[in-house]
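Beneath this line is the structure, given in structure tokens, with notes to follow.
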Amino acid sequence: MRKLTGKNSQDIKALNRGLVLKLISTEGPISRGNIAARTGLTKMTATNIITELLENGVVQEIKDPTPSASPGRIPYLVEIAPTSPVVCGVLLDRVGCRVHLSDYKANILAEKSSLYPETCSAQTLLDLVLDLFTQLQQKCPRNIMGIGISAPGPLSSVTGSILNPPNFYGIRDFPIAPLVQERTGYPCILMHDANAGALAERLYGNGKSLSGFVYLQFHHGIGAGLITDGLLAEGSMGLAGEIGHTSINFDGPECACGNTGCLELYANADHVEKLAASLLQQNPSGILAESGTAPGWEEIVAAANRGDAIAVQALEPFCRYVSLALTNYLNLTDCHTVLLSYVGENRDGMIEQSLEQQINQKLLASEYRHIRVRHACFGSSAPVVGAAAAVTNDIFSGKLPIYEKKGSPE
């Protein structure tokens, strides 16, 4: 049986402060009146919270540039201050590590990155994260409130452990979040990279106005994140979203994950690049032929967006395989919007158009609903923005403090 927990006055106060900060961070600059109206708080409560945030350097007031309806009165708007605390986001992918500091509006203020060495162990990974973080911390004059890590799954967001990701240097059962927290002294959260991307889009990107959507990323594998009723659906351990390791061919080859016929075995950048190279050998014409070299994923996507026939043909099998798995996912979740994240041009293009067309042809009850497929606001940067958003989301929900309180913990 699930344990029931009540809320005391301090919990409610933290929730209200987080609610106000979230609105200022994601919608600001915004007036005090709008803050009260949008949050449902009384004007007195909203004013008290704003005053507290002003006194602690979290927010600032600026003059409203729009003409005032009340002559003689100068209207002010509230926004995040340049003195506000910051959060750290860490992206671990299969080739390297990227660490950044950002404010509560998801503006990246400083960043360091590094490729992994040829032989990478769990200890090497930990040392690299700590080294990049320390370099940023030493040059940051603002308080850091927490560290979020996004990584390929499978992982456990409950224990903060990387479990056994395929093709990840054999690293397994590694409690990276507790170790980073112990070594740095900052709260640390581990999240599946696709779930982190979905959270970034929900808080700051193209999912802000949506109560539900599927976030799908192609980034050294295929992952999905699900937002439903405005909340991230992670599952009991944070394992939700492994769409790349769902089978689309029960008689297919064995995957590194142990399953057979996984989506990632059929839909991946290597296959797209090899098919494009083969097609160019048969017919060296069009945009892709101009460079005279074997085209990479980004070149193929860019050429397909400009109508290059060979590029479109090279991407068609990829889109067909993804549409099969994604249609199943949408039939299960009943979401009506898909946001795509991949390396390449940060706009709607051939992939979005192809997937939207194919999904709506296959979808259950397609005559009653239409799925929209759009490019993610943050493109391929969504997982790293989402790593930091894992921390701000806990701050907005009252689980972590908004600022460092002098003398005693908040």
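Checked against (1) in contact with a His (Cβ under 9 Å, 6 or more places away or on another chain); (2) modelled with pLDDT under 95; (3) surrounded by 16 or more Cβ atoms within 10 Å (Cβ to Cβ), ASN167 passes all but condition (3). Note on segment 176-195: among residues that are in a helix (DSSP H, G or I) and in contact (Cβ under 8 Å) with a residue 40 or more places away in the chain, the one that is surrounded by the fewest Cβ atoms within 10 Å (Cβ to Cβ) is ARG183. Could you tell me whether LEU275 is in contact with a Lys or Arg (Cβ under 9 Å, 6 or more places away or on another chain) and assigned to a helix (DSSP H, G or I)? Answer is no for this residue. The residues of segment 343-366 that are under 20 Å from the mean Cα position of the chain (by Cα) and crowded, with 18+ Cβ neighbours inside 10 Å, listed by number, are GLY344, ILE351, GLU352.
Scanning segment 305-328 for residues that are more than 15 Å from ALA269 (Cβ to Cβ), among the hydroxyl-bearing types (Ser, Thr, Tyr) and surrounded by fewer than 22 Cβ atoms within 10 Å (Cβ to Cβ) yields a total of 1.
Number of residues in segment 38-60 that are over 25 Å from ALA389 (Cβ atoms) and either of a type outside the set (D, E, K, R) or at pLDDT 95 or above (or both): the value is 7. Consider ASN331 carefully, then state whether it is closer than 27 Å to ALA224 by Cα, crowded, with 17+ Cβ neighbours inside 10 Å and outside the structural domain of ASP193 (by TED's automatic domain parsing). No. One residue alone among LEU279, LEU288 is in contact with a helix residue (DSSP H, G or I) (Cβ under 6 Å, 6 or more places away or on another chain), aliphatic (A, V, I, L, M) and at pLDDT 95 or above, and that residue is LEU279.
Against the criterion of being in a loop (DSSP other than H, G, I, E, B) and without any contact (Cβ under 8 Å) to a residue 40 or more places away in the chain, PRO141 qualifies. Candidates GLY153, GLY148, GLY223: the one that is in a loop (DSSP other than H, G, I, E, B), of a type outside the set (Asp, Glu) and crowded, with 18+ Cβ neighbours inside 10 Å is GLY153. Restricting ALA276, ALA198, ALA267 to those that are surrounded by 15 or more Cβ atoms within 10 Å (Cβ to Cβ) and free of Cβ contacts under 8 Å to residues at least 40 places away in the same chain reduces the list to ALA276. Only residues that are under 30 Å from LYS63 (Cβ atoms), under 17 Å from the mean Cα position of the chain (by Cα), not aromatic (Phe, Trp, Tyr) and not in a strand (DSSP E or B) were counted across segment 77-109, and they come to 4. In segment 210-221, the residues that are on the phi > 0 side of the Ramachandran plot and in contact (Cβ under 8 Å) with a residue 60 or more places away in the chain reach residues that are part of a loop (DSSP other than H, G, I, E, B) and among the charged types (D, E, K, R) with C-beta atoms within less than 6 angstrom, at least six apart or across chains, in these pairs: HIS220/ASP93; HIS220/ARG94. Of all the numbered requirements in (1) surrounded by fewer than 20 Cβ atoms within 10 Å (Cβ to Cβ); (2) touching a strand residue (DSSP E or B) at 6+ places or on another chain (Cβ under 8 Å); (3) of a type in the set (A, V, I, L, M, F, W, C), ALA294 misses one, and that requirement is (2).
Here are some residues: LYS7, LYS13. Which one is modelled with pLDDT under 95, closer than 25 Å to MET145 by Cα and not in a helix (DSSP H, G or I)? Every option except LYS7 fails the conditions.
The values are calculated or read from the model by the stated rules, or taken from the named source; none is laboratory data. Quick caveat: nothing in here was measured; it's all calculated off a predicted structure. Virtual Cβ from ideal backbone geometry, glycine too; neighbours counted across all protein chains shown.
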